[in-house]
1. For ALA60, indicate whether it is within 16 Å of the ligand (Cβ to nearest atom) and either modelled with pLDDT of 95 or more or small (Gly, Ala, Ser) (or both).
2. How many residues are within 23 Å of TYR93 (Cα to Cα), away from the ligand (no atom under 15 Å from the Cβ), within 37 Å of the chain's Cα centre (by Cα) and in contact (Cβ under 8 Å) with a residue 24 or more places away in the chain if we restrict to the range 127-158?
3. Before we move on, is VAL224 of a type in the set (Val, Ile, Thr), within 11 Å of the ligand (Cβ to nearest atom), open to solvent by less than 10 Å² (accessible area, probe 1.4 Å) and in a strand (DSSP E or B)?
4. With respect to PRO157, is the statement that it is open to solvent by less than 50 Å² (accessible area, probe 1.4 Å) and in a loop (DSSP other than H, G, I, E, B) true?
5. When you look at ARG265, is it more than 16 Å from the ligand (Cβ to nearest atom) and either touching a Cys at 6+ places or on another chain (Cβ under 6 Å) or open to solvent by 60 Å² or more (accessible area, probe 1.4 Å) (or both), yes or no?
6. Considering the range 439-454 alone, what residues qualify as being open to solvent by less than 20 Å² (accessible area, probe 1.4 Å), farther than 17 Å from ARG266 by Cα and either in the same structural domain as TYR198 (by TED's automatic domain parsing) or touching a strand residue (DSSP E or B) at 6+ places or on another chain (Cβ under 7 Å) (or both)?
7. When the range 306-328 is examined, which residues are found to be touching a residue at least 60 places away in the same chain (Cβ under 8 Å) and part of a helix (DSSP H, G or I)?
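The values are calculated or read from the model by the stated rules, or taken from the named source; none is laboratory data. Being a predicted model, the structure only gives us computed values, none of them experimental. As a convention, Cβ positions derive from the backbone with ideal geometry for all residues, glycine included, and neighbour counts pool all protein chains shown. What goes into the accessible areas is simple: the full protein's heavy atoms, side chains included, and nothing from ligands, DNA or RNA. Shrake-Rupley method; radii C 1.70, N 1.55, O 1.52, S 1.80 Å.
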Amino acid sequence: MSHGTVYLVGAGPGNPELITLRGYHLLQRADVILHDRLIPTELLRVVKPTAEVICVGKSADGHSVAQEEINALIVKKARAGHMVLRLKGGDCYLFGRGGEEAQACSAAQVPFEVVPGITSALAVPAYAGIPPTHREFTPHVAIITGHRQAGKTLEIPKADTLIFLMSVGNISAIIDALKEQGWAPETPIAVIERGTCYDQRVVTGKLESFLTTLGDIQVRTPAVFVVGKVVDLQQQLDWFGMRKNILVLGNYPQRYEHLGNIIHRRIIDCVPIEDSTDADASLRTLADFDWICFTSVNTARFLFERLYANGLDARALGPAKIAAIGQTTAEKLKAFGLYPDLIPRITSSSGLLEAFAEQDLSGKKVLLPRPEVASKTLPEGLRDMGADVRAVTFYKTIEIDPGDIDFDYIDSVLFTSGSTVRAFVKRFSPVPGKDTIHYIALGKPTRTVAREHGIDAELMEEKEGRMKDEG
Ligand code: SAH
């Protein structure tokens, strides 16, 4: 059914989490994606590797693909039998010319489906702490484009709350029009730039003095203006602005949501090593080991990848006992059919050594699957206990580009491992906001690496079974 069908999908207002489930699922399956510039680019990461992704939005130099061309392209791709997804910012029918695209499909007899999105007109005020309606102040709201057609005066409909989109260039004309139409000079007004994103900024004022309030502030696009008494609730309801913005470089960002607004950027990735001769050799003698000790989710993941590549499976581990550094690793192992015999109370190398101290390791053979760069604490500690340790490299970390980050909007940076520190310092040098940004390191080894790079990070203890084994 989906072949040859067009899906007009609203991508939400900017924060990638604010797309609908239907939109997200379709995005993963679409053959062709035609998107605007105003969509969260993170969303494009979930498309199929074979998908054709075409940007039809306005480019930085203002050039845009004509609407007729977009309509023709949508129809052409659908007629070629593709599942076409037209991804538009916010909601697809609000000021986005989505209606025209649907009409083009209808005229060409191409089947289409509309997947509404969370519109910036409502979501952006909500993230700024402004409910568009409120029983005490207003029963109605008008959503208006401030983008005037040449020669026409701006008509402002009657409503107690006005929400202006596409208005950054016209704000002084809008304020004049409001005054002319009898709006009180002390009416509250707000501008919200880049709403729902980490670099959201809100400026509030009164109609009469708003231009002075803005002063030298260059309003960034995209932005929404809200006019009406509801703007006064902003101070009380600014839930998003009151939180700290925490940049998390690492995996499992949800774990840190109690700290504030999480901005998650990956800066490292784990990949297999090119030469797996050593790793493969260790797998053929797995049954000789007394213990196999997994120090991260990735050690489990990459060991099993090699097992499968060699035509083996969990049975190759034979009678060896299994140690997992923490709960996350233990969960991963369970997914492979292994129930760990030992999980330390504290998730760290030293926690693991403490737990092993209660075992008799003398003369025992221990396999330690490892990343290419790893601390020596564990193998040395185990050897001190008399174990015959074989540390074997299964994977390595590589640096990936986290994209540009505006550090003016970042309160804290959280490093979850030494490799995230090294990659960060390489990508962002000199270290941004040394005196203004609060750096946090998960676990002592990470803090040590941060200090080696001149970053005085606060230590965040690895809580029991929660954290450090994510690498
Ligand atoms: N269909 C979209 C609106 C398209 S018109 C929707 O439903 O949201 C583009 C206008 O939307 C911009 O000029 C701006 O006024 C507003 N807008 C979109 N994303 C925004 C954001 N993250 N923050 C503030 N305004 C935004």
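1. Working: within 16 Å of the ligand (Cβ to nearest atom): yes; either modelled with pLDDT of 95 or more or small (Gly, Ala, Ser) (or both): yes.
When the stated conditions are applied, ALA60 passes them.
2. 2
3. Values: of a type in the set (Val, Ile, Thr): yes; within 11 Å of the ligand (Cβ to nearest atom): yes; open to solvent by less than 10 Å² (accessible area, probe 1.4 Å): yes; in a strand (DSSP E or B): yes.
Answer is yes for this residue.
4. Details: open to solvent by less than 50 Å² (accessible area, probe 1.4 Å): no; in a loop (DSSP other than H, G, I, E, B): yes.
No.
5. So ARG265 fails the test.
6. ALA450
7. Start the filter on the range 306-328 by keeping residues that are touching a residue at least 60 places away in the same chain (Cβ under 8 Å), which leaves 306, 324-328.
Answer for the range 306-328, where residues must be touching a residue at least 60 places away in the same chain (Cβ under 8 Å) and part of a helix (DSSP H, G or I): ARG306, GLN327, THR328.
Let's see how each residue does on (1) under 25 Å from GLU42 (Cα atoms); (2) more than 21 Å from the chain's Cα centre (by Cα); (3) within 16 Å of the ligand (Cβ to nearest atom); (4) open to solvent by 60 Å² or more (accessible area, probe 1.4 Å):
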| site | (1), (2), (3), (4) |
| --- | --- |
| LYS76 | no, yes, no, yes |
| HIS82 | yes, yes, no, yes |
| LEU85 | yes, yes, yes, no |
| TYR93 | yes, yes, yes, yes |
| GLY98 | yes, yes, yes, no |
| GLU101 | yes, yes, yes, no |
| ALA107 | no, yes, no, yes |
| ALA123 | yes, no, yes, no |
